[in-house]
(Lines give C-alpha, C1' and ligand atoms only; values in the text may rest on other atoms or scores of the structure.)
Protein backbone atom coordinates (compact mmCIF):
# COMPACT_ATOMS: atom_id res chain seq x y z
CA UNK A 1 0.00 0.00 0.00
CA UNK A 2 1.27 3.47 -0.92
CA UNK A 3 -0.24 6.64 0.56
CA UNK A 4 0.21 9.87 -1.42
CA UNK A 5 -0.83 13.41 -0.54
CA UNK A 6 -1.19 15.64 -3.58
CA UNK A 7 -2.04 18.64 -1.40
CA UNK A 8 0.96 18.59 0.95
CA UNK A 9 4.18 20.60 0.46
CA UNK A 10 2.80 22.61 -2.47
CA UNK A 11 5.17 24.82 -4.45
CA UNK A 12 4.16 27.60 -6.85
CA UNK A 13 6.42 29.75 -9.02
CA UNK A 14 6.79 31.72 -12.22
CA UNK A 15 6.34 28.48 -14.19
CA UNK A 16 4.39 25.31 -13.39
CA UNK A 17 6.03 23.09 -10.77
CA UNK A 18 6.06 19.38 -11.61
CA UNK A 19 6.59 16.52 -9.16
CA UNK A 20 6.42 12.79 -9.86
CA UNK A 21 4.27 11.38 -7.08
CA UNK A 22 4.33 7.72 -8.15
CA UNK A 23 5.96 5.73 -10.92
CA UNK A 24 3.79 2.61 -10.80
CA UNK A 25 3.70 -0.59 -12.80
CA UNK A 26 1.10 0.64 -15.33
CA UNK A 27 1.00 4.44 -14.96
CA UNK A 28 2.72 7.53 -13.61
CA UNK A 29 1.05 9.96 -11.21
CA UNK A 30 2.30 13.53 -11.50
CA UNK A 31 1.37 16.65 -9.53
CA UNK A 32 1.47 19.98 -11.36
CA UNK A 33 1.22 23.19 -9.31
CA UNK A 34 0.32 26.21 -11.43
CA UNK A 35 0.30 29.77 -10.12
CA UNK A 36 -2.20 32.32 -11.46
CA UNK A 37 -1.33 33.04 -15.10
CA UNK A 38 1.02 30.04 -15.54
CA UNK A 39 0.69 28.54 -19.01
CA UNK A 40 1.58 25.18 -20.50
CA UNK A 41 1.78 25.79 -24.25
CA UNK A 42 0.01 23.48 -26.69
CA UNK A 43 1.47 20.00 -26.69
CA UNK A 44 0.50 16.35 -27.24
CA UNK A 45 1.01 13.20 -25.19
CA UNK A 46 2.04 9.99 -26.98
CA UNK A 47 -0.44 7.99 -24.88
CA UNK A 48 -3.81 8.61 -23.29
CA UNK A 49 -3.81 10.93 -20.25
CA UNK A 50 -6.22 12.10 -17.59
CA UNK A 51 -6.08 15.52 -15.96
CA UNK A 52 -7.88 15.99 -12.64
CA UNK A 53 -8.06 19.36 -10.94
CA UNK A 54 -7.67 19.03 -7.18
CA UNK A 55 -7.56 22.73 -6.31
CA UNK A 56 -8.16 26.06 -8.10
CA UNK A 57 -9.30 26.75 -11.66
CA UNK A 58 -7.62 25.97 -14.99
CA UNK A 59 -8.65 26.61 -18.58
CA UNK A 60 -7.79 23.84 -21.02
CA UNK A 61 -7.94 24.39 -24.76
CA UNK A 62 -8.02 21.64 -27.39
CA UNK A 63 -9.00 21.66 -31.05
CA UNK A 64 -10.61 25.13 -30.92
CA UNK A 65 -12.61 24.27 -27.79
CA UNK A 66 -12.02 25.60 -24.29
CA UNK A 67 -13.24 24.21 -20.99
CA UNK A 68 -12.69 25.45 -17.45
CA UNK A 69 -11.88 22.80 -14.89
CA UNK A 70 -12.91 23.49 -11.30
CA UNK A 71 -12.05 21.49 -8.20
CA UNK A 72 -12.92 17.84 -8.68
CA UNK A 73 -13.31 18.05 -12.49
CA UNK A 74 -11.42 15.67 -14.76
CA UNK A 75 -10.62 15.51 -18.48
CA UNK A 76 -9.47 12.52 -20.49
CA UNK A 77 -7.49 12.81 -23.72
CA UNK A 78 -6.68 10.06 -26.17
CA UNK A 79 -3.11 9.93 -27.46
CA UNK A 80 -1.81 12.76 -29.67
CA UNK A 81 -4.60 15.25 -28.96
CA UNK A 82 -3.18 18.81 -28.84
CA UNK A 83 -4.04 20.76 -25.68
CA UNK A 84 -2.84 23.71 -23.59
CA UNK A 85 -3.45 24.84 -20.01
CA UNK A 86 -3.69 28.21 -18.27
CA UNK A 87 -4.29 28.74 -14.55
CA UNK A 88 -6.99 31.26 -13.60
CA UNK A 89 -6.27 30.62 -9.89
CA UNK A 90 -3.51 28.78 -8.06
CA UNK A 91 -4.14 25.23 -9.16
CA UNK A 92 -3.08 21.72 -8.22
CA UNK A 93 -3.44 19.13 -10.99
CA UNK A 94 -3.22 15.36 -10.88
CA UNK A 95 -1.88 14.12 -14.22
CA UNK A 96 -1.95 10.41 -15.00
CA UNK A 97 0.36 9.25 -17.79
CA UNK A 98 0.81 5.90 -19.44
CA UNK A 99 3.79 3.94 -18.14
CA UNK A 100 5.30 4.28 -21.64
CA UNK A 101 5.25 8.10 -21.47
CA UNK A 102 8.18 9.96 -19.92
CA UNK A 103 8.14 12.50 -17.14
CA UNK A 104 11.01 14.22 -18.98
CA UNK A 105 8.56 15.03 -21.81
CA UNK A 106 6.38 16.86 -19.28
CA UNK A 107 9.40 18.69 -17.82
CA UNK A 108 10.43 19.75 -21.35
CA UNK A 109 7.11 21.60 -21.75
CA UNK A 110 8.36 24.15 -19.22
CA UNK A 111 11.46 25.12 -21.20
CA UNK A 112 11.32 28.36 -23.22
CA UNK A 113 10.18 27.94 -26.82
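The values are calculated or read from the model by the stated rules, or taken from the named source; none is laboratory data. Just so it is clear, the model here is predicted, and its values are computed rather than measured. Heads up, the Cβs are rebuilt from the backbone with ideal geometry, glycines too, and the neighbour counts pull from every protein chain shown.
Taken over the range 71-93, the criterion of being assigned to a strand (DSSP E or B) and farther than 17 Å from residue 35 by Cβ is satisfied by 74, 75, 76, 77, 83. For beta carbons closer than 7 Å, sequence separation of 6+ or different chains, a first residue in the range 1-13 that is free of Cβ contacts under 8 Å to residues at least 24 places away in the same chain and a second that is surrounded by 10 or more Cβ atoms within 10 Å (Cβ to Cβ) and not in a loop (DSSP other than H, G, I, E, B), the qualifying pairs are 2/22; 11/17; 11/33. Counting the residues of the range 73-113 that are touching a strand residue (DSSP E or B) at 6+ places or on another chain (Cβ under 7 Å) and without any contact (Cβ under 8 Å) to a residue 40 or more places away in the chain gives 6. Screening residue 8 with (1) at pLDDT 95 or above; (2) in contact with a strand residue (DSSP E or B) (Cβ under 6 Å, 6 or more places away or on another chain) gives one miss only, at (2). Would a scan of the range 32-40 turn up a residue that is surrounded by fewer than 12 Cβ atoms within 10 Å (Cβ to Cβ), in contact (Cβ under 8 Å) with a residue 12 or more places away in the chain and outside any strand (DSSP E or B)? Scanning the range 32-40 turns up at least one residue that is surrounded by fewer than 12 Cβ atoms within 10 Å (Cβ to Cβ), in contact (Cβ under 8 Å) with a residue 12 or more places away in the chain and outside any strand (DSSP E or B). For the criterion of being modelled with pLDDT under 95, part of a loop (DSSP other than H, G, I, E, B), out of contact with any helix residue (DSSP H, G or I) (no Cβ under 8 Å at 6 or more places or on another chain) and surrounded by fewer than 14 Cβ atoms within 10 Å (Cβ to Cβ), residue 13 passes.
So that you can scan it fast, the table gives a plain yes or no per residue for (1) more than 18 Å from residue 5 (Cα to Cα); (2) modelled with pLDDT of 95 or more; (3) surrounded by fewer than 17 Cβ atoms within 10 Å (Cβ to Cβ):
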{"site": "23", "(1), (2), (3)": "no, no, yes"}
{"site": "60", "(1), (2), (3)": "yes, yes, no"}
{"site": "65", "(1), (2), (3)": "yes, yes, yes"}
{"site": "80", "(1), (2), (3)": "yes, yes, yes"}
{"site": "86", "(1), (2), (3)": "yes, yes, no"}
{"site": "101", "(1), (2), (3)": "yes, no, no"}
{"site": "113", "(1), (2), (3)": "yes, no, yes"}
